[in-house]
Amino acid sequence: MLAGMLLGGLCVLALARPYEKTRAQESSSNLQSSVIMSQTTSDQDIELMHQDLRNKKRQIIAENLPLSDAEAEKFWPIYQHDTNDLKLVYDQKYFLFKNYAQSWGDMSNQDALIYIRRWLELDQQAQELRSKYVPVVSQVLTGKGTSTFFQLDRRISMMMDVQISSQIPLVQGKRK
């Protein structure tokens, strides 16, 4: 049920690309990625898509995390607060990717290092937020319920990361 919902509802699981590519495949892949990244989509459209994904994520968690009425009453406000905190990190990540999409073809070595360091910092911030919420959630859910919630949250987030990452062209260095 969870896998079907994620695949059908979120459409976030990208097909894995093989590591070995011919130059023609690599060029085609880079062209496709650059077209995807350069499509003009308004920030308002992106926000609507993010809201839809957050709603679907909440639905998946609700369907897969058995909660009593008393637990639900305490859990969902915590979940919403956690989601709002993570949204701030994801907004920064979106801004980073947007800037990358605008400059990836002309990126200097220094810009490439700054970009990847910032991406890793944002990933770390998201992980720190999750860790911060473990004791909070465990105050209202059992250990198994807490673990289930964080497993679901992490799986969904990883699947969305795979989808986003598959749309971002690799930094291209000069070959020697």
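The values are calculated or read from the model by the stated rules, or taken from the named source; none is laboratory data. Predicted model, so just to flag it, every value in this text is computed and none were measured. Glycine also receives a Cβ, built like all others from the backbone with ideal geometry; neighbour counts cover every protein chain displayed. When the accessible area is computed, the model is the full protein with side chains, heavy atoms only, and any ligands, DNA or RNA have been set aside. Shrake-Rupley method; radii C 1.70, N 1.55, O 1.52, S 1.80 Å.
So what's the net charge close to Trp104: Lys and Arg +1, Asp and Glu -1, counting the other residues with Cβ under 12 Å from its Cβ?
Once positives and negatives cancel, what remains is -1.
Taking N as the number of residues in segment 125-176, what is its Cα Rg relative to 2.2 N^0.38 Å?
1.70
Given the pairs Lys56/Lys144; Lys74/Lys132; Lys87/Lys132, which are separated by over 20 angstrom at their Cα positions?
Violating the 20 Å limit, Cα to Cα: Lys56/Lys144.
From the protein chains alone at 1.4 Å, what is the descending order of accessible area for Ser147, Ser166, largest first?
Per-residue accessible area, sorted high to low, gives Ser147, Ser166.
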